[in-house]
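The values are calculated or read from the model by the stated rules, or taken from the named source; none is laboratory data. Not measured: the values here are computed from a predicted model. Here the Cβ positions follow ideal geometry from the backbone for every residue, glycine too, while neighbour counts run over all protein chains shown. Keep in mind that these areas ignore ligands, DNA and RNA; they rest on the heavy atoms of the full protein, side chains included. Shrake-Rupley method; radii C 1.70, N 1.55, O 1.52, S 1.80 Å.
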Amino acid sequence: MKFYKNLVAFALMTALALPSGVAFANPSQETVDSGAEINKLTVLDPDAYPYPMEQRPLSQKDIEAMEYAKEVVKEYFLKDVSIEDYIVDIMYTADYVEPEILRLPGFRNMVTVNFLSKDLNSSDGSYLTYYEDNKEIVSGSIGFGDYEGKKNFTYGQGKKIADEFIAKYADVDLSLLKNIDFSAEYAPFNYADYYYQRVENGLEFDANQIFVGVSLVDGKVINFYKAWSNDLEFPSQIPALSEEEALNVLRESIMPELRYIRTPNDEGRGSLAYVMELYKGDMVDAKTKEMFNQSVDIKVSEFNPDMRKVDEIFRNTQEYEAKGPITAQQAKEIAKEIIFENYNIELEGRIPSEIENDEEIYIEFVDGDIEDGGTMYYIGMDLKSGQIRYLAKMDSSIIFEANEMSSLKPTVNYVDAYYKAIEYIGRYYPGYAKDIELSQKIYSYGDENVNPIEYSFVFQRVNEEIPFFEQAIDIRISAIDGSLLGLSNYWEENIVFDIPENLITKEAAKDAFLSGKGMKLMYIQDYTATEKAGHPVIRLGYRMIDKAKETSNYIDAKTGKYIIFPMIPVDIMPQER
């Protein structure tokens, strides 16, 4: 299953992170399931395959895509693909993007062909993504399951293989490529990815690169990715400000926020840290001397409620009395009552056996067919205290319509939704009311002007009026009908908080943060301007980089040192990187 996730994710990275296009078994079979027609695209095992399927007749376009993918996979990766041995998934990006994207002058349709093993645990499989208009290869990969194999090639020998592959297949001016050395990172592994950045006028261009993966067991190329544009216009490489001046511009945009965080190596303690918020991004235009975000501008505003109204809601809301400990059966009965109370529907709950444990219970309720506009409700409860850990409603009809850019219109505004959220806190978590931040930060991105489907509120836990970064009550309210869509309680008792005294200033925290940082002059693609112009728009800019060996966005509020969080050991295969 791990390989499946990696293969499909890698393919969609270069296509689009959207639902699968078409999947089918051997298209020459007359029947795979009862009533199947010749050349009907039919999934072999719908229950095992991890992504949504659709069925439609196999077209000549599909056949040509499969055959082309087979040819390229064989030539690039020396792998023979027999279609009848795989589940084949084909996706055309033009089928899924918004109509206005299709009309952009620079839009090019991409085709992704996945050859997926019928055994979900197998590492056997491959994929190819290419542009439909000229069949230019964007990326491809084959399975590499020999992670225990003996390393027979050095990193340097692997790089030579990658260099030769690029020279033969990349179809770019090799003088424009700069190899980035990752030998230290790949030293423990028996494979390596070789990364090549485009360079113009002696400066790296962030949007064009190539990488090639090589097995150091047998010396074969196992993956390839190319992001490249021709006929680009690069501004002059002469900046209007120095690196030091750019760093000062960046410094003025940084907003240090004092927060409690979990102490590394001591989860029961809350340490004080300045968290560096870079809402304006980490790049400075080297011509205009202004900060800019590469993709979308983030605007932050604050909503402060009417405290008299909040207090009135808390006084008049009947409190839910959590009683514990409770059994699983008692939890089911309580959950049933909560569902009826909030949604006026009587349903029988189900406890999935695969996620039962002695501390917390998960109960789900289903109303109708989820795939046909039904609704699912689920509740998580703490068996020791009887407290609700989370409660949610998943209305598939609204979710699907929202994803289809439907005409659903909000009937509830932000302010009214906020006070509904306050009611839920008063009902289910009255004991936490005095220890949460009631004001809300509202983040808006770019020029977005869409009908909201829901409003999300994060009531941050506070101590001494300082937010605790990792603990909060999250509540989501439907903008369509005002119902509760989600409620989550991220709260732990018995946290020992550091006393907020002898703290460094915000300005000192900025200096500490920037002590391990620098600015790098390079060409940067402005994606917001690119989308508007319909062709790549490139800026000359400075981007923040690490100069110290270890840095972070967290500065100890007492010592002024970087807070470095330890790596969390996870038992995963090397490809889960």
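In this structure, the residue pairs whose Cα-Cα separation is over 21 Å, taken from Lys384/Lys420; Lys384/Lys434; Lys510/Lys561, are Lys384/Lys420; Lys384/Lys434.
For Asn316 and Thr505, the FRET efficiency from 1/(1 + (r/R0)^6), where r spans their Cβ atoms and R0 equals 60 Å, is about 0.90. Extension gain for Asp369-His535 works out to 55.3 nm (0.36 nm per residue, less the C-alpha to C-alpha distance). The alpha carbons of the stretch 269-333 occupy a box of 65, 35, 27 Å along the principal axes, longest dimension given first. Annotation for Asp119 and Glu148: the two label points, set 7 Å from Cα along the Cα-Cβ direction, are 1.4 nm apart.
For the stretch 130-188, pairs of C-alpha atoms spaced more than 12 angstrom apart make up 79 percent of the total. Taking 0.36 nm per residue of separation and subtracting the Cα-Cα distance, full extension of the segment from Lys558 to Gln237 would add 111.4 nm. Restricting the calculation to alpha carbons of the stretch 196-266 gives Rg and Dmax of 20.6, 54 angstrom.
Going by Cα centres, the stretch 309-356 and the stretch 452-487 are how many Å apart? With the stretch 309-356 and the stretch 452-487 each reduced to a Cα centre, they are spaced 18 Å. The order of Arg198, Arg427 by accessible area, most exposed first and with a 1.4 Å probe, is Arg427, Arg198. Separation of the alpha carbons by more than 21 angstrom is noted, of Lys74/Lys178; Lys506/Lys558; Lys70/Lys135; Lys159/Lys220; Lys135/Lys226; Lys74/Lys220, for Lys74/Lys178. As a calculated quantity, the FRET efficiency between Glu64 and Met376 at R0 = 45 Å, using C-beta atoms, amounts to about 0.65.
Amide H to amide H, with H built 1.01 Å from N, Leu383 comes under 5 Å of Glu360, Ile361, counting only residues 5 or more places away or on other chains. Per-peptide packing, taken as the mean over residues of other Cβ atoms within 10 Å, places 162-172, 496-506 in the sequence 162-172, 496-506 from highest down.
On alpha-carbon atoms, Rg over Rh for the stretch 212-324 using Kirkwood Rh? A ratio of 1.20. The calculated FRET efficiency for the pair Glu333 and Asp546, based on their C-beta separation and a Förster distance of 60 Å, comes to about 0.65.
For the stretch 246-375, a simple Cβ point-charge model (Lys and Arg +1, Asp and Glu -1, everything else neutral) yields a dipole of about 1060 debye relative to the Cα centre. Rounded to the nearest 20, the Cβ-based charge dipole of the stretch 132-212 about its Cα centre (Lys and Arg +1, Asp and Glu -1) stands at 420 debye. A cut-off under 14 angstrom between Cβ atoms defines the neighbours of Thr129, and their net charge, with Lys, Arg +1 and Asp, Glu -1, is -1.
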